[in-house]
Each structure stands twice: as structure tokens, then as C-alpha cells.
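One structure below.
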Amino acid sequence: MEDCIFCKIIKKEISSNIVYEDSDIIAFRDINPLAPVHILVIPKKHISSLIDLEEKDELLIGKIYTVINKIAKQEKINENGFRIVVNCGKDGGQEVQHLHFHILGGKKLGTKICE
Ligand code: AMP
């Protein structure tokens, strides 16, 4: 996607602090962190949002969770725990239209996830 900021990060047209990369997935630190560890994990394939997922993407999404597991250990938040957030659409507060999984950790997170 031409004007997708995350596609530009994938193509290295925009710099980012990458913590993981393979042929299908890339993960980088959020530019506006909401927790001591705030990482975005995204598929390299442009999928606009969770609602645009297709059955053929099932393996890819499974792989994303395996990558999240690896990153949690890499960031040493595996023992204390962390939260995964996927915002979807307008009401879900999705600002970037490229499917992404927020990893939030490094502190005790609040319980209010709906405001
Ligand atoms: P969402 O509201 O779920 O769409 O989250 C989008 C996230 O992308 C926000 O937390 C932003 O801070 C983050 N973000 C936007 N642009 C960049 C960028 N260039 N590098 C890293 N994170 C970004």
C-alpha cells in the first residue's frame, strides 16, 4: 500500500527501532510508548485490520503469536506478564490501517481497558 506508514517501515523508507524481523513479520518499538515496553508486531503483508482477515491468513496470525512469545522473552517481560491489544476500526481506536498487535509491558498495567 503506497501511503501506509507501516508498509513504509517494512520497506525501510521510514526508520524505526526494529526488535524482530523475519520473512513474514516485523516488530518495532512504538514511537509514542504507553508503557516501558511498547512494541508493535505486524505482518509484512498489508492487511488493513482484524476485520479484513481471511481464512488463508490463519497460519500467519498463529506465527505472530509465536513471535510475540519470543519478543516477550527477549524483552524480559515473560515472567511478570504483559498485554496484547489489537484495536479494530473507528470505535476500537485504530489509527493506523495496517493490522498490528501492541505488546504492552514492563509495569503493572491498569485494569480499565474500556473507557
Ligand atoms: P492504533 O491506535 O492501534 O492504530 O495504534 C497505532 C500505533 O502506531 C500508535 O501507538 C502510534 O504511536 C504508533 N505509530 C504511529 N506511527 C509510528 C511510527 N512511525 N513508528 C512507530 N510507531 C508508530
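No value in this document is a laboratory result; all are computed from the given coordinates. In this text, all values refer to a predicted model and were calculated from it rather than measured experimentally. In this analysis, Cβ positions are derived from the backbone assuming ideal geometry, glycine residues included, and neighbour counts consider all displayed protein chains.
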Which residue is surrounded by the most Cβ atoms within 10 Å (Cβ to Cβ), if the candidates are limited to the range 64-115 and must be touching a helix residue (DSSP H, G or I) at 6+ places or on another chain (Cβ under 9 Å) and part of a strand (DSSP E or B)? Ile103
Those residues that are within 13 Å of the chain's Cα centre (by Cα), closer than 12 Å to Val96 by Cβ and not hydrophobic (A, V, I, L, M, F, W, C), I need them from the range 1-31; list them, please. Asp30
If we scan the range 29-42, do we find a residue that is farther than 20 Å from Asn87 by Cα, within 11 Å of the ligand (Cβ to nearest atom) and assigned to a loop (DSSP other than H, G, I, E, B)? no
Evaluation of Ile77 against (1) of a type outside the set (Ser, Thr, Tyr); (2) touching a Gly at 6+ places or on another chain (Cβ under 6 Å); (3) farther than 13 Å from Ile103 by Cβ (one fails), failing number: (3)
What pairs come up if the first residue lies in the range 34-51 and is more than 15 Å from Gly92 (Cβ to Cβ), the second is near the ligand (Cβ under 10 Å from one of its atoms) and of a type in the set (Lys, Arg), and their beta carbons are under 7 Å apart, counting only those six or more places apart or on different chains? His38/Arg29; Ile39/Arg29
